[in-house]
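Only one structure is covered here, and it is reproduced in the block below.
Bear in mind these aren't lab numbers, they're just calculated from the coordinates by the rules spelled out. These numbers were taken from a predicted model, which means no experiment stands behind them. Reconstructed Cβ throughout: ideal geometry from the backbone, glycine too, with neighbour counts over all protein chains shown.
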């Protein structure tokens with residue numbers, strides 16, 4: 001799945017068991033460059049539409065109670081790791097956010113977001129951006145580092161030295177602009193490295209690239 005979003009619409013699938021919420025999110029996402037493929041309520045319906053249409057992003061609404069929405073995440077990410085999953089949540093608790101990222105989500109936002117903000121988030125995710133509070137991402141990556149499962153030699157050998165340097169800064173929560181400044185690269189060069197890192201690690205975005213790299217011990 002390419003990272004450019006200028007030449008075609010971003011394909012989005014919405015998941016929630018409430019018809020009113022599905023209709024609301026669908027209406028909010030109407031805008032230039034975004035195509036809502038459908039709005040479904042069950043895991044089976046989600047799997048069917050993902051197989052049929054290959055969306056770029058799956059938007060999942062999470063209520064303040066229960067974890068059934070998070071159960072959908074590993075199902076999607078194990079079968080389609082390059083699809084980004086955005087959680088629109090009633091709860092902004094750190095524990096809920098960390099659980100969601102560990103399960104594979106790429107972004108986590110409050111359900112009080114405006115339509116314009118939601119469309120901006122969707123476009124950012126499609127570019128591979130991190131849509132998470134940096135301080136909470138750092139906490140999660142620190143916890144993962146303490147429980148890493150070992151180095152994956154095959155994946156690690158795919159990364160060049162400059163890509164590893166960029167990946168280290170991604171893990172630290174740096175933006176592309178900050179990485180370019182720190183490494184004295186052009187912004188275009190950094191974007192190219194980030195795209196290749198995401199592709200080589202077979203993930204959907206920089207958030208999950210950081211998670212996978214720390215979990216597998218790909219950088220020191």
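With a cut-off of 8 Å between alpha carbons and a minimum separation of six or more residues, what is the relative contact order of the chain in percent?
Relative contact order comes out at 19 percent.
How large is the helix-only mean residue ellipticity at 222 nm for the chain, computed as the sum of -39500 (n - 2.57) over DSSP H runs with n ≥ 4, divided by its residue count, in deg cm²/dmol to the nearest 500?
-16500 deg cm²/dmol
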*Computed from these coordinates, which is Kirkwood radius over Cα pairs in Å: (i) 19.6; (ii) 18.9; (iii) 17.7?*
(iii)
*With label points built 7 Å along Cα→Cβ from the Cα atoms of residue 161 and residue 138, find their separation and express it in nm.*
2.9 nm
*In which sequence would 108, 185 go, from the one with the fewest C-beta neighbours within 10 Å to the one with the most?*
185, 108
*Restricting to the range 10-131, compute how many DSSP beta bridges are antiparallel as a %, nearest 5.*
5 percent
*Would you list 181, 206, 123, 51 from fewest to most Cβ contacts within 10 Å?*
51, 181, 123, 206
*Sequence of 196, 22 once ranked by neighbouring C-beta atoms within 10 Å, starting from the fewest*: 196, 22
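Among the DSSP beta bridges whose two residues both lie in the chain, what percent are antiparallel, rounded to the nearest 5? Each step should come with its number before you reach the end.
Working: 1 of 22 bridges.
Bridges in the chain that DSSP calls antiparallel: roughly 5 percent.
At R0 = 22 Å, how high is the FRET efficiency between residue 30 and residue 54 if r is their beta carbon distance? Nearest 0.05 is fine. If you can, show how the numbers build up before the last one.
Values: r = 21 Å, r/R0 = 0.95.
Computed FRET efficiency for residue 30 and residue 54: 0.60.
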